[in-house]
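S.K.: Structure incoming, see below.
Taken together, the values in this text are just the output of simple stated rules run on the coordinates, not laboratory data. Just so we're clear, the structure is a prediction, and the values are computed from it rather than from any experiment. Ideal geometry is used to build each Cβ from the backbone, glycine not excepted, and the neighbour counts take in all protein chains shown.
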């Protein structure tokens with residue numbers, strides 16, 4: 001399957017394989033992706049509870065109300081792709097690709113694997129390395145799966161973890177406020193809203209390198 005990058009910008013961060021949590025956020029960055037399943041909201045990368053693992057979390061479809069979340073689905077024509085650069089040349093050395101399979105209502109994971117194409121085009125690489133059923137909204141417990149090579153996966157709706165006072169931000173931009181409100185008084189614009197989440201926990205031994213890795217998240221759509 002050939003795919004092409006959606007023109008909505010990738011989120012990128014750099015993290016040490018031994019470090020703590022790092023994240024990047026970007027909700028509805030253009031009108032073309034408003035209410036679209038390929039809109040990226042957040043990227044998180046952090047060391048797992050098992051310190052030998054690294055966790056990659058990609059969130060899409062931001063600002064969903066509880067009512068809309070019940071019917072929200074991943075897009076079977078969109079690949080959610082974590083790009084990993086482990087030699088600091090700003091080109092992906094490995095990719096972790098996550099694709100929704102509507103027939104089984106599951107997310108299938110490919111990689112981490114060396115991509116045959118880099119940049120704006122890519123294709124599903126190799127075979128499926130892990131798969132998990134999508135957790136239903138309101139489920140009593142999340143559905144997770146672990147592959148034979150130690151890759152752990154979750155996919156489904158979750159409360160948006162990002163905190164931001166958009167109202168105050170707009171006042172700052174307009175020049176009617178000089179800064180953000182102190183902790184405890186700020187308003188979380190994203191409170192009560194949900195996102196669609198894919199989380200992939202990977203043994204560091206599968207990632208190559210031993211120092212800092214650059215990570216960026218893309219959604220790429222079939223053409």
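S.K.: Taking the highest mean first, how do the peptides 112-120, 43-51 order by number of other beta carbon atoms within 10 angstrom per residue? Provide the component values of the computation, followed by the final result.
M.R.: Working: 112-120: 15.0, 43-51: 16.7.
Packing proxy ranking, top to bottom: 43-51, 112-120.
S.K.: If you average the sequence gap of Cα pairs under 8 Å that are 6 or more apart and divide by the length of segment 57-173, what percent do you get for the contact order?
M.R.: Answer for segment 57-173 is 16 percent.
S.K.: Would you kindly state how much longer the chain becomes between residue 113 and residue 174 on full extension, computed as 0.36 nm times their sequence separation minus their alpha carbon distance, in nm to one decimal? Can you show the working numbers first?
M.R.: Details: separation 61, 0.36 × 61 = 21.96 nm, distance 4.60 nm.
Result for the pair: 17.4 nm of gain on full extension.
S.K.: Quick check: residue separation of residue 205 and residue 133 times 0.36 nm, minus the Cα distance between them. What number comes out in nm?
M.R.: Once the chain is fully extended between residue 205 and residue 133, it gains 23.4 nm.
S.K.: Over the Cα atoms of segment 152-223, each weighted equally, I'd like the Debye log10 I(q)/I(0) at q = 0.13, 0.15, 0.21 Å⁻¹, rounded to two decimals.
M.R.: The calculated log intensity ratios at q = 0.13, 0.15, 0.21 Å⁻¹ are -0.71, -0.83, -0.99.
S.K.: Okay, moving on. Ordered by packing density, taken as the mean number of other Cβ atoms within 10 Å over each peptide's residues, highest first, how do 73-86, 135-148 rank?
M.R.: Descending mean neighbour count gives 73-86, 135-148.
S.K.: Right, next: How far is it, in nm, from the label point at residue 87 to the one at residue 105 when both lie 7 Å from their Cα along the line to the Cβ?
M.R.: Placing both labels 7 Å beyond Cα along the Cβ direction yields 4.4 nm.
S.K.: How large is Rg over Rh for segment 68-142, taking Rg from the Cα atoms and Rh as the Kirkwood inverse mean of 1/r across Cα pairs? Provide the component values of the computation, followed by the final result.
M.R.: Numbers: Rg = 14.4 Å, Rh = 13.8 Å.
With Rh from the inverse mean 1/r over Cα pairs, Rg/Rh is 1.05.
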